[in-house]
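Notes follow once the structure below has been shown.
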Amino acid sequence: MTIKPIQFVPDPILRKAALPVEKITDSIKQLLDDMAETMYDAPGIGLAAPQIGELKRVIVMDCSRDEETNELWQMINPIIIQSSEESSTLEEGCLSIPGHNSEVSRPNWVELRFTDINGKEQQIKAEGLLAACVQHEIDHLNGILFIDHISKLKRDIIWRKVLKEARQT
Ligand code: GNR
Ligand code: NI
């Protein structure tokens, strides 16, 4: 397992759509393991492959709060098949936009389908923090960032700071 460098905005790879995984090869399993290690090291509660420079439809998540019971999800080609009508708001951050958090409104729950690391098709309902996280990660696979879901005013404030920071590094 290897910790991979995380790509930050305004890197254009974060705006590209990732491609579906056709076959679960050893290199895909390796990618899932490296992503889990990179996520835990960061630390974050989720990570999408484009954030480490791989345009593949692969995400990892662990939204468990306490340290003892890890709940690692590793998903290949995840898709949302149903979303709740009602939305709720949660403070989100992104490892690719470090230091800039904002409240984001999203459906309360989502029903999703994905392939697991053993090639098995799974269908689950995600609620609460996991629901917000999986929507955030699937957005990454489509080149969408959480700042795309907030007001233009708030987005412009964050973007101005991001560009200023990028100039200083
Ligand atoms: O670490 C993360 N925290 C978080 C909090 C609320 C909603 C989504 C997230 S995901 C984020 C890690 C990340 O950037 N994943 O792409
Ligand atoms: Ni993110």
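Laboratory data are not the source of any read-out in this text; all were calculated from the coordinates shown. Note that the coordinates shown come from a computational prediction; the quantities given were computed from them, not determined experimentally. As a convention, Cβ positions derive from the backbone with ideal geometry for all residues, glycine included, and neighbour counts pool all protein chains shown.
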>> Starting from 0.36 nm per residue, how many nanometres of slack lie between Ile81 and Glu121 once their C-alpha separation is accounted for?
In response: 13.0 nm
> Can you list the lysines whose alpha carbon sits under 20 Å from that of Lys154, skipping same-chain ones fewer than 8 residues off?
Replying inline: Lys164
> If the convex hull of the alpha-carbon atoms of region 1-126 is projected onto planes in all directions, what is the mean projected area in square nanometres?
Replying inline: 8.3 nm²
>> Could you sort the peptides 78-89, 110-121, 28-39 by per-residue average Cβ neighbour count (10 Å cutoff), highest mean leading?
In response: 28-39, 110-121, 78-89
>> Beyond a 31 Å Cα-Cα separation, which of these cross-linked pairs lie in this structure: Lys56/Lys161; Lys56/Lys152; Lys23/Lys152; Lys4/Lys161; Lys120/Lys161; Lys29/Lys152?
In response: Lys23/Lys152; Lys120/Lys161; Lys29/Lys152
> Can you sort Arg106, Arg155 by how many other beta carbons sit within 10 Å, fewest first?
Replying inline: Arg155, Arg106
> If contacts are Cα pairs under 8 angstrom and at least 6 residues apart, what is the relative contact order of the chain in percent?
Replying inline: 24 percent
